């Protein structure tokens with residue numbers, strides 16, 4: 001018997017089931033790329049909306065954001 005634990009099975013949600021049904025049909029490589037592009041666009045729009053909410057909540061403007069981050073160094077020295 002193996003000592004590795006198996007992850008608990010999770011039930012697929014409605015979106016996952018629908019996508020599995022969609023992808024069960026034959027499709028070209030281009031169709032697959034098109035669907036991936038649509039999903040990327042969808043989630044990018046959702047991320048943009050969340051960022052807009054955060055900016056509004058913090059009261060940022062492009063000028064205030066630039067002022068707060070102009071001296072920010074994101075790289076670390078080794």
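Throughout, read-outs are computed from the coordinates displayed, never taken from laboratory work. Keep in mind it's a predicted model, so treat the numbers as computed, not measured. Counting neighbours? That spans all protein chains shown, and the Cβs are built from the backbone with ideal geometry, glycine included.
Taking the 0 to 90 degree range and rounding to the nearest ten, how far is the long axis of helix 14-23 tilted relative to the main principal axis of the chain, both from C-alpha atoms?
With rounding to tens, the tilt is 60 degrees.
Apply 1/(1 + (r/R0)^6) to the Cβ-Cβ distance of residue 38 and residue 58, taking R0 = 35 Å, and write down the FRET efficiency to the nearest 0.05.
After rounding, the FRET efficiency stands at 0.70.
Extending each Cα 7 Å along its Cβ direction at residue 73 and residue 29, get the distance between those two points in nm, one decimal.
4.6
Using the alpha carbons of the chain, what is the convex hull volume per residue in cubic angstrom, as a whole number?
So the per-residue Cα hull volume is 295 Å³.
With angles folded into 0 to 90 degrees, how steeply does helix 29-58 sit against the dominant principal axis of the chain? Use alpha carbons for both and round to 10.
40
Any chance you could run the full-extension gain for residue 11 through residue 65? It's 0.36 nm times the residue separation minus the Cα-Cα distance, nm to one decimal.
15.2 nm is the gain from fully extending residue 11 to residue 65.
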